[in-house]
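Presented below is the structure to which this report refers.
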Amino acid sequence: MNFEDSVLIRHSLGLHARPSIKFTSLAKKFSSDIRIKKGDQSHWVNAKSIIKVMGLKIPSGKELQIQADGIDADNAVKSLIDLVLNNFDEE
Amino acid sequence: MGQKKQIFYGKAASSGQSIGAIDLIQKRLPSSRHIRKKNAPPVQETLLENAIDQAVNDLTQLIQTSDKLGAQILQLQLLLLKDPELTNPIYAQIRQGESATTSWENTLNFHIEDYVRASDKLFQSRANDFVDIRNRVLRYLKQEVRSPAEQSNENNLIFIAEDIMPSQFLELDWSRYVGIAIVKGSVFNHVSMLARARQIPFLIRMPKRILSLSAQTPVILDCDNEKLIYAPDHKTLRKFERSFSLSQQSENGTLLNPVVTGNGRQISVFINVDDLRCLDDISPENCEGVGLARSELMFFQTNVLPNEETQFRAYKKLLGWAGDKPVTIRTFDAGGDKGLFGLFGDQDQSSSSGMRGIRLLLSNPDIFRVQIRALARAAVFGNLKVLIPMVTISQEIEATRKQFFEEIERLRNENKDARMPALGMMVETPAAAIMIESFDVDFFAIGSNDLAQFIMATSRDCHNVEYLQDPANPAVLKVIRDIAEYADANNKQVCICGEMASSTDLLPTLLNLGIKNVSVPTMALARVKAAIIHEQMSV
């Protein structure tokens with residue numbers, strides 16, 4: 001099963017250390033392969049890797065695209081989008 | 001023996017003052033000469049695995065003894081060390097015949113460089129975390145054992161080094177250290193955050209010469225004046241100790257407002273509020289009110305652009321704390337060197353004379369409008385004064401006032417209480433200072449750092465022009481005196497709220513220029529009050 005969606009990063013620091021930690025820990029809870037990329041780029045990276053996710057250095061106001069492939073792909077993408085929409089549970 | 005007094009200037013990453021002895025921490029990165037003869041790839045792989053395991057063990061233990069912030073910072077390092085996306089390419093290099101040490105070092109250096117080159121200062125400051133794990137694993141790869149004997153047994157030490165890593169900071173025995181001064185550093189990185197959270201005086205970007213100072217020599221680390229005094233003479237030391245004890249007395253509540261100088265002038269001392277949590281530790285009785293609440297920093301802790309309700313609640317809380325005393329809230333001042341990157345998207349914020357302050361707000365009406373609504377609603381609950389940053393021409397004030405009127409009208413149509421607060425401006429640009437009479441505002445605040453920088457046409461980031469980076473240059477002082485005189489003649493309040501106000505070196509000069517209001521960080525409140533009384537008495 002393949003699923004894809006995108007979301008705007010509103011966290012004022014962007015996809016920084018703490019948000020990246022939360023993002024990757026949530027991604028690891030799913031068995032699907034999950035990839036993300038910065039909206040305007042074509043380079044996809046492993047959403048379960050802290051070095052890759054933080055390494056995208058996505059600032060606030062940029063779009064994040066999430067793609068999952070696997071049995072829980074639908075749920076994975078939705079949950080990760082929710083995390084971003086809730087500003088990584090930081091307020 | 002007989003060391004000569006020297007003064008070194010840097011940048012404060014955390015405020016405060018302390019007296020101690022130098023503990024010179026040498027770089028402990030081992031040289032490549034000690035690397036053992038290269039073994040076959042499987043052995044090299046095991047070497048790296050073991051080194052990473054040991055580093056993981058270290059960090060896991062350190063997390064257990066660290067506070068929440070420290071643990072969070074180390075958690076990042078731990079996750080990086082355990083990330084196969086980091087380590088797999090390194091093992092692949094080893095299998096192709098490269099040594100464990102070289103592969104690890106090259107790969108980590110690649111990541112460090114990548115962060116150093118990032119366009120966002122906050123991302124740049126993450127490079128430090130990579131340096132930290134690089135060094136820790138390298139130490140194990142090169143089988144360097146750090147003997148505890150290397151740490152000195154003295155007390156009251158000032159940590160002096162080229163740089164300091166987060167884990168190094170967390171490993172230090174803080175019962176023996178009273179401050180840090182380093183050559184590198186960034187106010188945004190994790191070590192600076194830790195130092196601020198623990199209120200440890202911390203100077204960064206010091207001249208390299210501090211690394212060749214003699215260990216154990218006494219020094220005064222004065223972050224409030226951003227300097228390190230090496231081998232202070234008895235007079236300097238006594239003066240410092242006296243102001244130290246005076247400020248402790250006043251901390252004990254012996255100095256009450258209003259602060260009257262020795263020659264009878266009354267000076268109003270306000271506080272700067274960046275974080276509402278600091279209000280828990282201070283009573284409004286101890287100051288004349290809030291002279292500067294930097295709204296962009298009030299919400300920094302939540303890391304999110306706050307909506308109208310969040311802002312309204314915070315402003316109302318601040319006004320509630322102050323009772324009938326005035327509360328000056330500055331509208332968002334993102335841009336320049338202020339660490340609020342990303343909030344306004346992609347606009348150019350890198351330059352201190354570019355898109356920042358009111359310029360940025362007026363060009364982002366959606367964000368400004370929300371803040372104006374929250375402020376106008378909060379104004380009902382106390383004595384609110386709204387301060388506009390980086391004003392250059394009078395039209396900017398008029399545009400702001402118009403937006404206030406429009407939003408108040410809208411709010412009332414929505415049956416919400418709202419009021420027009422007093423409107424004031426930061427005098428930071430030479431244009432505003434020169435044409436001060438053209439601005440229709442209720443009060444002024446002088447942003448001494450920016451004003452000095454613009455008048456002297458230099459900034460602290462520029463090297464080799466240090467001789468011009470002098471906030472006490474007669475040109476700067478003349479402009480400040482003119483502003484004070486104009487405000488006085490027109491019955492308008494003018495307050496100094498930059499670093500100059502809490503510099504006990506410059507304070508007497510400011511008072512002599514006719515400044516009657518200063519706003520300082522809560523931590524400097526007692527010290528500044530003490531300095532006002534003390535300095536004037538000696539006149």
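Between B:D233 and B:M435, the FRET efficiency estimated from the beta carbon spacing at R0 = 56 angstrom works out to 0.75. Look at B:F169, B:F202 and count the other Cβ atoms within 10 Å of each Cβ; fewest to most, that gives B:F169, B:F202. With contacts taken as Cα pairs under 8 Å and at least 6 residues apart, chain B reaches a relative contact order of 15 percent.
Using the Cα gyration tensor of region B:347-396, with a ≥ b ≥ c the square roots of its eigenvalues, what is the shape: rounded (a/c below 1.5), prolate (a/b larger than b/c) or oblate (neither)?
Details: a/c = 2.65, a/b = 1.89, b/c = 1.40.
It comes out prolate by the Cα gyration axes.
When both bridge partners sit in the protein assembly as shown, DSSP labels roughly 45% of those beta bridges antiparallel. Helix A:73-85 and the long axis of chain A differ in direction by around 10°, with both axes built from C-alpha atoms.
Counting, for every residue in B:121-129, the Cβ atoms of other protein chains within 10 Å of its Cβ and taking the mean gives 3.
Extension gain B:Q143-B:Y467, at 0.36 nm per residue separation less the Cα-Cα distance, in nm? Could you put the intermediate results ahead of the total?
Numbers: separation 324, 0.36 × 324 = 116.64 nm, distance 4.61 nm.
Residue separation times 0.36 nm, minus the Cα-Cα distance, leaves 112.0 nm.
A dipole drawn for region A:2-89 from +1 and -1 charges on Cβ atoms has a positive end, and of A:T24, A:S42, A:I66 the residue lying farthest that way is A:T24. Ordering B:Q96, B:W321, B:A374 by the projection of their Cα atoms onto the charge dipole of chain B, which places +1 on the Cβ of Lys and Arg and -1 on the Cβ of Asp and Glu, puts B:Q96 at the extreme positive end. Comparing B:N39, B:I436, B:T65 along the charge dipole axis of the protein assembly as shown, the residue lying farthest to the positive side is B:N39, per the Cβ-charge model. With all projection directions averaged, the alpha carbon convex hull of chain B covers 27.2 nm². With the highest mean first, a sort of the peptides B:432-440, B:307-315 on other beta-carbon atoms found within 10 angstrom per residue produces B:307-315, B:432-440.
Rounded to the nearest 20 debye, what is the charge dipole size of chain B about its Cα centre when +1 sits on each Lys and Arg Cβ and -1 on each Asp and Glu Cβ?
Working: 60 positive and 64 negative charges, 177 e Å.
Dipole of chain B, to the nearest 20 debye: 860 debye.
Under a model in which nothing but the beta-carbon of Lys, Arg (+1) and Asp, Glu (-1) is charged, chain A shows a dipole of about 420 debye around its Cα centre.
Listing B:C287, B:C497 from the residue with the fewest other Cβ atoms within 10 Å to the one with the most, what is the order?
Values: B:C287 22, B:C497 27.
Arranged by neighbour count, lowest to highest, B:C287, B:C497 become B:C287, B:C497.
Of A:K38/B:K121; B:K121/B:K317; B:K4/B:K184; B:K121/B:K208, which pairs sit farther than 28 Å apart, going by alpha carbon to alpha carbon? Distance filter (> 28 Å) returns B:K121/B:K317.
Taking a straight line from the alpha carbon of B:K492, these lysines sit under 20 Å away, with near neighbours fewer than eight places off in the same chain left out: B:K325, B:K385, B:K478, B:K516. The alpha carbon gyration tensor of the protein assembly as shown gives principal lengths a ≥ b ≥ c with a/c of 1.5 or higher and a/b no greater than b/c, which makes the shape oblate. Around the Cα centre of the protein assembly as shown, unit charges on the Cβ atoms of Lys, Arg, Asp and Glu (plus for the first two, minus for the last two) sum to a dipole of about 1140 debye. In this rough spin-label picture, where each label sits 7 Å from Cα along the Cβ direction, the B:E154-B:N512 distance is 3.6 nm.
Taking the DSSP beta bridges with both ends in chain B, the antiparallel portion is around 30 percent. For the segment B:65-75, counting C-beta atoms of other chains within 10 Å of every residue's C-beta and taking the mean gives 1.
So if we plug the beta-carbon distance of B:W174 and B:N307 into 1/(1 + (r/R0)^6) with R0 = 41 Å, what FRET efficiency do we get, rounded to 0.05? Before the final figure, lay out the partial values.
Values: r = 39 Å, r/R0 = 0.95.
It comes out at approximately 0.60.
Between the beta carbons of B:T65 and B:N109, assuming R0 = 22 Å, the FRET efficiency works out to 0.15 to the nearest 0.05.
Take each residue of peptide A:51-59, count the partner chain Cβ atoms within 10 Å of its Cβ, and average: the result is 6.
Laboratory data are not the source of any read-out in this text; all were calculated from the coordinates shown. Model, not experiment: these values are computed from the prediction. All Cβ positions, even for glycine, are placed from backbone atoms using ideal geometry, and neighbour counts span all protein chains on display.
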